[in-house]
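Enquirer: Here it is, the structure in full.
The values are calculated or read from the model by the stated rules, or taken from the named source; none is laboratory data. In this text, all values refer to a predicted model and were calculated from it rather than measured experimentally. Reconstructed Cβ throughout: ideal geometry from the backbone, glycine too, with neighbour counts over all protein chains shown. The accessibility values were calculated without ligands, DNA or RNA, using every heavy atom of the protein model including side chains. Shrake-Rupley method; radii C 1.70, N 1.55, O 1.52, S 1.80 Å.
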Amino acid sequence: MNFLEEKILQDGVIKEGNILKVDSFLNHQIDIDIMRQMAYEFKRRFRGTAINKILTIEASGIAIATLLGHLYDVPVVFAKKSQTANSTDDKYVAHAYSFTHKKMNNVFISKPYLHDTDKVLIVDDFLADGEACHALIDLVHQAGGEVAGIGIAVEKGQQKGGGELRAEGYHLESLAIVEEMDWQTQTIRFRKQPEQTLVNPNLHS
């Protein structure tokens, strides 16, 4: 069992409808030590992959992406879900259905922040049906860039997103993959993954 699985068992809460809440350390309050460990582990899993940009979607993926961007010393870009008064018209736009909010979101990135020379590592907190990930992939492809990999904190293994992305040929790494959970017993079963080695916090290569 890895550090993230242990943290989920310790502090995660399963709500009726098999909704996993990790607000105490990931989605509302942020546990910096857990974020740091996730960044180190993503860096280890994608070692040898050329990456010059980290991409996520607002809002919960930003903390993970920022610490990972620090390790890679590359820019971090996050796709926005809502227009503001200073939003540019010169942007890439994709569509993602939010199962949390039960609505379709238009997500966008201003064109100056994605290029055809970018080798992008996509990072997010949750992967369920893959709507957000596919929207981010679409944005990268619109810019002519390359998706170098996809890093997910928590994958819901019983839903289709992970299987689809792997079948499409993407290098997907999920730190915790939930196979089953039961809100009545508050039990979770994780998919077995390869053993993790200790990551040197000074590792920057």
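Enquirer: Dipole size in debye (nearest 20) for the range 1-46 around its Cα centre, Lys and Arg Cβ +1, Asp and Glu Cβ -1? Show your work: numbers first, answer last.
Expert: Values: 7 positive and 8 negative charges, 53 e Å.
Approximately 260 debye in magnitude.
Enquirer: In addition: Given an 8 Å cut-off on Cα distances and at least 6 residues of separation, report the relative contact order of the chain as a percent. Don't skip to the end; give the middle numbers.
Expert: Numbers: 379 pairs, mean separation 40.0, N = 205.
20 percent.
Enquirer: Follow-up question, since we're still on this one. Of the listed values (i) 13; (ii) 20; (iii) 55, grab the one calculated as percent of Cα pairs over 32 Å apart from the structure here.
Expert: Checked against the structure: label (i).
Enquirer: In terms of modelled amide H atoms, which long-range or inter-chain residues lie less than 5 Å from the amide H of V147?
Expert: V120
Enquirer: Amide H to amide H under 5 Å from S174: which residues, 5+ apart in sequence or cross-chain, H placed 1.01 Å off N in plane?
Expert: Long-range HN contacts for S174: I152.
Enquirer: Taking the DSSP beta bridges in the chain as the whole, what percent of them are antiparallel, to the nearest 5?
Expert: Values: 16 of 37 bridges.
Expressed as a percentage, antiparallel bridges in the chain total about 45.
Enquirer: Another question, if that's okay. Of the candidates H134, H95, H28, which one comes out as most mobile in a Gaussian network treatment of the chain with C-alpha springs shorter than 10 Å?
Expert: H28
Enquirer: For the range 31-154, give the magnitude of the charge dipole about the Cα centre (Cβ charges: +1 Lys/Arg, -1 Asp/Glu; no others), in debye to the nearest 20.
Expert: Details: 13 positive and 15 negative charges, 19 e Å.
Value, rounded to 20: 100 debye.
Enquirer: Which translational diffusion coefficient, to the nearest whole µm²/s, is obtained for the range 87-185 from the Stokes-Einstein equation, given a Kirkwood hydrodynamic radius over C-alpha pairs, 37 °C and 0.692 mPa s?
Expert: Values: Rh = 14.4 Å.
Translational D for this selection: 228 µm²/s.
Enquirer: Something else now. Which helices pass in the chain if a helix is a full DSSP H run, must span at least 30 angstrom along its long axis by Cα, and must have mean Kyte-Doolittle hydropathy not below 1.0? List each step's numbers first, then the result.
Expert: Numbers: long enough: none.
Going by DSSP H runs, there are no hits.
Enquirer: Here's something else I'd like to know. Could you go through the range 170-179 in sequence order and give the Karplus-derived ³J(HN,Hα) for each residue, using 6.51 cos²θ - 1.76 cosθ + 1.60 with θ = phi - 60°, rounded to whole Hz, and x for Gly and Pro?
Expert: Listing the rounded values in order: 7, 7, 9, 10, 10, 6, 9, 10, 7, 8 Hz.
Enquirer: So which residue, out of G162, G69, G144, gets the largest mean-square fluctuation from a GNM of the chain using Cα contacts under 10 Å as springs?
Expert: G144
Enquirer: Which residues does a label at Q158 reach in the range 110-136, if reach means a backbone N under 20 Å from a point 7 Å past the Cα toward the Cβ?
Expert: 126-131
Enquirer: Okay, next question. Under unit Cβ charges (Lys, Arg +1; Asp, Glu -1), what dipole magnitude, rounded to 20 debye, does the range 115-155 have relative to its Cα centre? Present the calculation step by step, with values, prior to reporting the outcome.
Expert: Details: 1 positive and 9 negative charges, 30 e Å.
In debye, rounded to 20, the range 115-155 gives about 140.
Enquirer: Counting only heavy atoms of the protein chains, get the accessible area per residue of the chain (1.4 Å probe) and round it to a whole Å² value.
Expert: Numbers: 10420 Å² over 205 residues.
Result: 51 Å² per residue.
Enquirer: Output the relative contact order of the range 99-153, whole-number percent, from Cα pairs under 8 angstrom with separation of 6+ residues.
Expert: Details: 58 pairs, mean separation 25.1, N = 55.
Across the range 99-153, relative contact order equals 46 percent.
Enquirer: Moving to a separate point now. Report relative contact order for the range 116-191 in percent, whole number only (criteria: Cα-Cα under 8 Å, sequence separation at least 6). Don't jump to the answer; show the numbers that get you there.
Expert: Working: 141 pairs, mean separation 22.3, N = 76.
Dividing the mean separation by the residue count of the range 116-191 yields 29 percent.
Enquirer: Moving on to the next point. If one computes P(r) from the Cα atoms of the range 1-63, what percent of pairs lie at distances over 13 Å? Each step should come with its number before you reach the end.
Expert: On the way: 1372 of 1953 pairs.
For the range 1-63, the share of Cα pairs beyond 13 Å comes to 70 percent.
Enquirer: Hey, another quick one. Counting each DSSP H run of 4 or more residues in the chain as -39500 (n - 2.57), what helix-only mean residue ellipticity at 222 nm follows after dividing by all residues, to the nearest 500 deg cm²/dmol?
Expert: -8000 deg cm²/dmol
Enquirer: In terms of modelled amide H atoms, which long-range or inter-chain residues lie less than 5 Å from the amide H of S98?
Expert: Correct list: K103, M104, N105.
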